[in-house]
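See below for the structure under consideration.
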Amino acid sequence: MKSRHKKLALIAGALAVVGIVAALVLNALNSNIALYISPTEVAAGKAPADKLFRIGGVVREGSVARQADGVTIDFIVTDTEEEITVHYKGILPDLFKEGKGVVAQGRLTADGSFAATEVLAKHDENYMPPEAAKAVGDAHARAAEKKVAAEAADAAPAATPQASD
């Protein structure tokens, strides 16, 4: 082989190796991505059926139920518009409390609840994960819009004058 052919073969081999490495890295990154989805989006059917994803919101007051084994916990996560029941087996973070922000990673079960493999809690009094804060804010905005629309609909019939005989 001439030196020119050797250089071309070396370049082609290097490009093939770089391509294979890039494909493996992209595949690894894609399989480790966990999308964030709010309870409202889960209720709307936007949750992936067979993939890990994260759900976040606030733990509803009075919803935490511990099983007899001490490590199995059921609780409800809400974004103030929709709620989803979360089942988790493991040790919860020390900062996990009712009425506080939480993000759980896992999958949907056949009965529509969420089987968490990991639970993350907020780290101080003012913190809520940005995605959870946005979901709660959006839910509050939608609730306010519905309230204004309902009040306007209730006020409209009262504003029309009645004909007198």
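Read the figures in this text as sums done on the coordinates, not as results from a lab. As the structure is a computational prediction, the values presented were derived from the model and not from experiment. Note that we place each Cβ from the backbone using ideal geometry, even for glycine, and neighbour counts take in every protein chain shown.
The C-alpha atoms of the chain define a longest principal axis, and helix 3-31 lies at about 20 degrees to it.
Per-peptide packing, taken as the mean over residues of other Cβ atoms within 10 Å, places 56-67, 40-51 in the sequence 56-67, 40-51 from highest down.
Spacing of the modelled spin labels on Ala16 and Glu61, each 7 Å from Cα toward Cβ, amounts to 6.7 nm.
Model label sites at His140 and Thr109, defined 7 Å from Cα along the beta-carbon direction, differ in position by 3.2 nm.
Note on the chain: helix-only mean residue ellipticity at 222 nm, from DSSP H runs of 4+ residues weighted -39500 (n - 2.57) and normalised by residue number, equals -13500 deg cm²/dmol.
Full extension of the chain between Asp94 and Lys6 yields a length gain of 25.5 nm, computed as 0.36 nm times the residue separation minus the alpha carbon distance. Approximating the spin labels as points 7 Å out from Cα along Cα→Cβ, the Val148-to-Ala43 distance works out to 2.1 nm. Considering only beta bridges that DSSP places wholly inside the chain, some 80 percent are antiparallel.
Calculated from the structure at hand, Rg and Dmax of the Cα atoms in Å is found among (1) 25.7, 111; (2) 18.2, 75; (3) 15.3, 49 as (1).
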